[in-house]
Amino acid sequence: MARRRIRHIGPAARPPGGSAELAAARPALFLDGVATFVRKSFVIAEMEARKLRHDMMELLTRVVQPVLWLLVFGEVFTRTRVIPTGHLPYIDFMAPGILAQSVLFIAIFYGIGVIWERDLGLVHKLIVSPTPRAALVLGKAFSAGIRALSQALVIYLLAVILGVHIDWSPPALAGVLAAVLLGGACFSTFSLIIACLVKTRERFMGIGQLLTMPLFFASNAIYPISMKPGWLQVLAHANPLTYQVDALRTLMLAGGASSFHLAADFGILGAITIALILLAGRLYPAIVR
């Protein structure tokens, strides 16, 4: 009798429609999890961005390099007219490339800050927090993009002084903002992966310096891809900086035309960034070992 009673009571005790209610609640739970992930990522990004208020000298020193490229290299090659850029003056062609270069140089050395944080014990506190590792990485990635926005402001001012034909429409400016943030996130995450692997400042600086110039010159930042030899064209098409430059050149310049299409530029950059964030999220705890 007891067994029969248990068998009878078991199914009757289940709430009617329980599985249906659980299935209906899953989308809400998923959206709540996504919102929590995004909120924690922005908290990390805001925390990292606050550091700019205490290190304004870094922003000022980073202004020097793009100024030299545009005022010296750009002006000289604009006068010589040795690089075919179609209907664009060379200084117009070069300005978006120098903006992409500035984003690259800021982001590619961003990982050294993580090594400093490890030495100070800050990374240990973040690792043991309930924040997902991918959210930590995403927050740091977007903070690098925020730092790069200061460079965008400087290059826009220089471009106006040098007579570059800028597209001032709100959609174009929003697109440039998105390209700068996405490029900064992509290369800073790549930098974070390097920091997780090498774990020392000296090795990181050596690898960072080794990578920056090949990434820059093996892109379309200062000359068209069509000028390169075949093997270098292959590298240029595999270089994420190429797609950031193409997006910036299309959006920043009045009458700018994309070589790959904007959807392809943002799609490739976005896919690479997501893949790097997932990889960095798995490697991030390794930096404390």
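When the stretch 86-204 is described by a simple charge dipole with +1 on each Lys and Arg Cβ and -1 on each Asp and Glu Cβ, the residue from Val180, Leu197, Phe105 located farthest towards its positive end is Leu197. Annotation: amide H-H contacts under 5 Å for Ile166 (H modelled 1.01 Å from N, sequence separation of 5 or more, or interchain): Ala254. Neighbour counting of Cβ atoms within 10 Å sorts the residues Ile112, Ile277, fewest neighbours leading, into Ile112, Ile277. FRET efficiency for the pair Ile161 and Ser226, taken as 1/(1 + (r/R0)^6) with r the Cβ-Cβ distance and R0 = 30 Å, rounds to 0.50. Neighbour counting of Cβ atoms within 10 Å sorts the residues Phe217, Phe187, fewest neighbours leading, into Phe217, Phe187. Remark: the stretch 140-154, residue by residue, has Karplus-estimated 3J(HN,Hα) of 5, 5, 5, 5, 5, x, 5, 4, 5, 5, 5, 5, 4, 4, 5 Hz, where x stands for each Gly or Pro and the curve is 6.51 cos²θ - 1.76 cosθ + 1.60 at θ = phi - 60°.
Put in order of Cβ neighbour count within 10 Å, fewest first, the listed residues Arg133, Arg282 become Arg282, Arg133.
Between Thr200 and Leu68, the FRET efficiency estimated from the beta carbon spacing at R0 = 35 angstrom works out to 0.70.
No lab work stands behind these numbers, since they all come straight from the coordinates. Quick caveat: nothing in here was measured; it's all calculated off a predicted structure. All Cβ positions, even for glycine, are placed from backbone atoms using ideal geometry, and neighbour counts span all protein chains on display.
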